[in-house]
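Asks: Right, I'll just put the structure down here and ask away after.
The values are calculated or read from the model by the stated rules, or taken from the named source; none is laboratory data. Here the structure is a predicted model, which means the values were calculated and not measured. Positions of Cβ are generated from backbone atoms using ideal geometry, with glycine treated the same way; all protein chains shown enter the neighbour counts.
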């Protein structure tokens, strides 16, 4: 794609990056039919190809010309008064699922293009007061674990008194279970995150118990936001500040020789892997950021390596295998590129994975999307739940806290992180009461 940059961006680092990002795109449309929002709305502007075209026009400082617009698009569908407002609208509707990256034959880095577009348009296009207030409120609460937990606990206590639509959004409390106390020579650090400790503290505890069986001590890091939420909301300076704070907090552990930083939320894991790229222009933090990215590992990678393929390590076949539908989080399959790893571990553990159609389709959680784009989010979840429940599973497994909470709101069967199912199977010789066990009853 040839780009004629507007004077504002010509001979600038941002302009050169935009050109590099746009250049590989040939507008072939391979990405269109794997885009959840396009499949939902049928609007080309709500697909990656359309958003890329709008971004190109924005960087050129030009409105789409009816004489030169590609035949796939129609100007009548652009409802906003100018190119900036139209770009902002359709970028807001994007899930950041990156399914398009997986299907793109030219390797277009759509995720980065998306974030750059959001950053630039946020500076130029004023938002309505209601939108600004909603986005500010989300940023004031969600990335701050203590604030989020306090408000969540209040909501959980008042839940019976709230309207049905609000009750649905407030998750039931979950118990963590014991954290292994045995000390091992091998040590790894587990990222806690901002939302997960309050919503599902059982996930990291289960990961600690699983790794304890492999002779690894899992040390909990301090709570905090990885920065992904702020970054995807175009609050780039805020995101960078959170990232630097995290590096400062984790660096003593890195210097002490931990083997890895373990991520049990694939959304955080995707962002951690990008720290080195996102802070490459910061002379004080770029080397540390690169090292942190190198150490970041999804829990699926660790377990797959440690659970050696040896008959002696196999678990006895369960008398009645639990039927599970696995929802592969977008950040797991498109961000971390770990499609099939967790599924393989669950199968080896004796679970029966039910076939799920259109596994590339997003569930609609997508971080703050389920808050700021509620209508689209719920519609996407309805479609996802139909495919997940088609095989009549007894439970649903996933790999990201946002997906877990979003699906649990509408699911008639238990929804858990896949590591909890694995923990349950490893502990089957010494059964303990858990939400997963209840799925069998």
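Asks: Only one residue in 11, 20 is at positive phi and either loosely packed, with under 14 Cβ neighbours inside 10 Å or assigned to a helix (DSSP H, G or I) (or both). Which one? Lay out the reasoning, then the answer.
Replies: Working: 20 fails: at positive phi.
Every option except 11 fails the conditions.
Asks: Working carefully through the options 177, 183, 193, find the one that is within 18 Å of residue 246 (Cβ to Cβ), at pLDDT below 95 and either in a loop (DSSP other than H, G, I, E, B) or touching a strand residue (DSSP E or B) at 6+ places or on another chain (Cβ under 7 Å) (or both).
Replies: Testing whether each residue is within 18 Å of residue 246 (Cβ to Cβ), at pLDDT below 95 and either in a loop (DSSP other than H, G, I, E, B) or touching a strand residue (DSSP E or B) at 6+ places or on another chain (Cβ under 7 Å) (or both) leaves just 193.
Asks: Report, ordered by the first and then the second residue, all pairs with beta carbons closer than 7 Å, sequence separation of six or more or different chains, a first member in the stretch 160-184 that is touching a residue at least 60 places away in the same chain (Cβ under 8 Å), and a second member that is part of a loop (DSSP other than H, G, I, E, B).
Replies: Once the first residue is touching a residue at least 60 places away in the same chain (Cβ under 8 Å) and sits in the stretch 160-184, its partners that are part of a loop (DSSP other than H, G, I, E, B) give 168/409; 169/409; 174/200; 174/201.
Asks: Does the stretch 298-315 include one or more residues that are in contact with a strand residue (DSSP E or B) (Cβ under 6 Å, 6 or more places away or on another chain), assigned to a strand (DSSP E or B) and closer than 28 Å to residue 388 by Cα?
Replies: Taking every residue of the stretch 298-315 in turn, at least one turns out to be in contact with a strand residue (DSSP E or B) (Cβ under 6 Å, 6 or more places away or on another chain), assigned to a strand (DSSP E or B) and closer than 28 Å to residue 388 by Cα.
Asks: Identify all residues within the stretch 382-406 that are closer than 15 Å to residue 168 by Cα and either touching a helix residue (DSSP H, G or I) at 6+ places or on another chain (Cβ under 7 Å) or assigned to a strand (DSSP E or B) (or both); write none if there are none.
Replies: Step one: list which residues in the stretch 382-406 are closer than 15 Å to residue 168 by Cα, which gives 382, 402-406.
Residues satisfying the conditions are 402, 405, 406.
Asks: Considering only the stretch 353-380, state which residues are within 19 Å of residue 166 (Cα to Cα) and either over 16 Å from the mean Cα position of the chain (by Cα) or outside the structural domain of residue 396 (by the TED database) (or both).
Replies: Listed by number, the residues that qualify are 374, 375, 376, 378, 379.
Asks: Out of all the residues in the stretch 367-375, is one or more under 20 Å from residue 299 (Cβ atoms) and in contact (Cβ under 8 Å) with a residue 40 or more places away in the chain?
Replies: yes
Asks: Being in contact with a strand residue (DSSP E or B) (Cβ under 7 Å, 6 or more places away or on another chain), over 29 Å from residue 93 (Cβ atoms) and not assigned by the TED database to the domain that holds residue 38 narrows it down to one residue among 350, 391, 344; which is it?
Replies: 391
Asks: Further, regarding this structure: Working only within the stretch 145-165, note down all residues that are in a helix (DSSP H, G or I) and either assigned by the TED database to the domain that holds residue 369 or loosely packed, with under 12 Cβ neighbours inside 10 Å (or both).
Replies: Correct list: 146, 154, 157, 160, 161, 164, 165.
Asks: If you go through the stretch 240-260 one residue at a time, do you hit one that is assigned to a helix (DSSP H, G or I), in contact with a strand residue (DSSP E or B) (Cβ under 7 Å, 6 or more places away or on another chain) and closer than 27 Å to residue 91 by Cα?
Replies: no
Asks: Of all residues in the stretch 57-103, how many are under 20 Å from residue 375 (Cα atoms), touching a helix residue (DSSP H, G or I) at 6+ places or on another chain (Cβ under 7 Å) and surrounded by fewer than 14 Cβ atoms within 10 Å (Cβ to Cβ)?
Replies: Residues meeting the conditions: 1.
Asks: Which residues, counting only those in the stretch 213-227, are outside any strand (DSSP E or B) and surrounded by fewer than 18 Cβ atoms within 10 Å (Cβ to Cβ)?
Replies: Matches in the stretch 213-227: 213, 214, 215, 222.
Asks: Please work out which residue is farthest from residue 348 (Cα to Cα), limiting yourself to the stretch 392-414 and to residues that are surrounded by fewer than 24 Cβ atoms within 10 Å (Cβ to Cβ), under 21 Å from the mean Cα position of the chain (by Cα) and without any contact (Cβ under 8 Å) to a residue 60 or more places away in the chain.
Replies: Ranking the qualifying residues of the stretch 392-414, first place goes to 411.
Asks: Can you tell me which of (1) closer than 22 Å to residue 192 by Cα; (2) touching a residue at least 40 places away in the same chain (Cβ under 8 Å) is the one residue 234 doesn't meet?
Replies: Single failed check for residue 234: (1).
Asks: Only one of 432, 440 is over 17 Å from residue 176 (Cβ atoms) and modelled with pLDDT under 95; which? Steps first, please.
Replies: Numbers: 432 fails: over 17 Å from residue 176 (Cβ atoms).
It is 440.
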